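The values are calculated or read from the model by the stated rules, or taken from the named source; none is laboratory data. Predicted model, so just to flag it, every value in this text is computed and none were measured. A quick note on method: Cβ atoms are made from the backbone with ideal geometry, for glycine too, and the neighbour counts reach across all protein chains shown.
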């Protein structure tokens, strides 16, 4: 099969397509013939040599994919049959023509969605669902500040926040991205390049601050995050795009707010946790992708590239140009 490959860590120019052995499904696994796979920040970090896959995971890039069930491994329970359309949450391996997946980590594709749209759901939407509900304990009426509001996770989190009866606020780096976020349901958006998002958030909330922050930036934002966090607020950290170092009295300032700092990594979670997450998402959220009406959920696709243009796709994401997901199509 063809797979995205790189021989040594470095820039996008190191990526190429290589013929490698097709994997065989093990006990309780399904072989998925991949039609599309979405790009994630983790792919960029892994390519740079800054994010190794978890032990036992494929070293091929790709944390989510959609396609057709090609083969069932021994011990499968009969939920899936050959030919079924499915999308998958992966620890790696999605940017190849085939990938093996534990059968419990496959999700049915909602009616009306294309395979590229489906490929944009598993990693981004399960992450957003986990951050808001399992870690952030979102409640109706909460105000939620979503950093990188036009990213894959951000565009999912806006919609899920609205569905929970809460109020999404976002940060982004351009007026266009803020307008797109507001079309998805953001109550307000702040351009972090032009204003202090912390002061703007406090103004919007009439001084109360936000109940929940979804933060993929980290170090460079800590002071502003604490400043606009409400009393007893929750700050969920799931990325470090702004660095890992903190200089200053983080703990004392956070303690004055009685704030909770919660950290998250989904990729390295064990299979049992991921199964629970996939089951809850499939039952509670997935039906809303097929339901017509104001509450209908939609994955946001920015660009779809043939996998032969993998270098260009990485360059585009590194330039922070995308609103929503970047998807790669695999040859069939």
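Could you please let me know if residue 49 is at pLDDT 95 or above and outside any strand (DSSP E or B)? Here the answer is no, as residue 49 does not meet what is asked. The residue that is surrounded by the fewest Cβ atoms within 10 Å (Cβ to Cβ), counting only those in the stretch 90-106 that are touching a helix residue (DSSP H, G or I) at 6+ places or on another chain (Cβ under 9 Å) and within 17 Å of residue 266 (Cα to Cα), is 104.
Note on the stretch 86-161: enclosed strands (runs of 3 or more DSSP E) holding 3 or more residues that are within 29 Å of residue 75 (Cα to Cα) are 98-102, 106-108. Could you grab me the full set of residues in the stretch 296-332 that are closer than 19 Å to residue 126 by Cβ and exposed (fewer than 15 other Cβ atoms within 10 Å of the Cβ)? Within the stretch 296-332, 296 is the sole residue that qualifies. When residue 30 is tested against the conditions (1) in contact with a helix residue (DSSP H, G or I) (Cβ under 6 Å, 6 or more places away or on another chain); (2) crowded, with 19+ Cβ neighbours inside 10 Å; (3) within 24 Å of residue 312 (Cα to Cα), the lone failure is (3).
Of all residues in the stretch 58-76 being out of contact with any strand residue (DSSP E or B) (no Cβ under 8 Å at 6 or more places or on another chain) and in contact (Cβ under 8 Å) with a residue 40 or more places away in the chain, which is surrounded by the most Cβ atoms within 10 Å (Cβ to Cβ)? Ranking the candidates gives 75 first. State whether one or more residues within the stretch 168-191 are in the same structural domain as residue 227 (by TED's automatic domain parsing), within 18 Å of residue 231 (Cα to Cα) and over 20 Å from the mean Cα position of the chain (by Cα). No - not one qualifying residue is present in the stretch 168-191.
Checking each residue in the stretch 7-25 for being at pLDDT 95 or above, assigned to a loop (DSSP other than H, G, I, E, B) and touching a strand residue (DSSP E or B) at 6+ places or on another chain (Cβ under 9 Å) picks out 15, 20, 22, 23, 24, 25. In this structure, residue 254 does not qualify as farther than 30 Å from residue 27 by Cβ and out of contact with any strand residue (DSSP E or B) (no Cβ under 8 Å at 6 or more places or on another chain). Return the residues of the stretch 248-275 that are without any contact (Cβ under 8 Å) to a residue 12 or more places away in the chain and under 24 Å from residue 45 (Cβ atoms); say none if nothing qualifies. 269, 270, 273, listed by residue number.
Out of the stretch 193-223, which residues are touching a residue at least 24 places away in the same chain (Cβ under 8 Å), part of a loop (DSSP other than H, G, I, E, B) and under 23 Å from residue 239 (Cα atoms)? Residues satisfying the conditions are 196, 209, 216, 217, 218.
In summary, residue 277 fulfils each of the numbered conditions (1) at pLDDT 95 or above; (2) in contact with a helix residue (DSSP H, G or I) (Cβ under 9 Å, 6 or more places away or on another chain); (3) under 23 Å from residue 195 (Cβ atoms); (4) crowded, with 20+ Cβ neighbours inside 10 Å with the single exception of condition (3). Pairs linking a residue in the stretch 291-320 that is without any contact (Cβ under 8 Å) to a residue 60 or more places away in the chain and assigned by TED's automatic domain parsing to the domain that holds residue 112 to a residue that is buried (at least 20 other Cβ atoms within 10 Å of the Cβ) and assigned to a helix (DSSP H, G or I), with Cβ atoms under 6 Å and 6 or more positions apart or on different chains, are 305/313. Residue 35 falls short on exactly one of the conditions (1) farther than 29 Å from residue 297 by Cβ; (2) in contact (Cβ under 8 Å) with a residue 60 or more places away in the chain, and that condition is (1).
Would it be correct to say that residue 226 is surrounded by 24 or more Cβ atoms within 10 Å (Cβ to Cβ) and part of a helix (DSSP H, G or I)? For residue 226, the condition - surrounded by 24 or more Cβ atoms within 10 Å (Cβ to Cβ) and part of a helix (DSSP H, G or I) - is met.
From 132, 160, which residue is at pLDDT 95 or above, surrounded by 17 or more Cβ atoms within 10 Å (Cβ to Cβ), outside the structural domain of residue 37 (by TED's automatic domain parsing) and in contact with a strand residue (DSSP E or B) (Cβ under 8 Å, 6 or more places away or on another chain)?
On the way: 160 fails: in contact with a strand residue (DSSP E or B) (Cβ under 8 Å, 6 or more places away or on another chain).
Exactly one residue qualifies, and that residue is 132.
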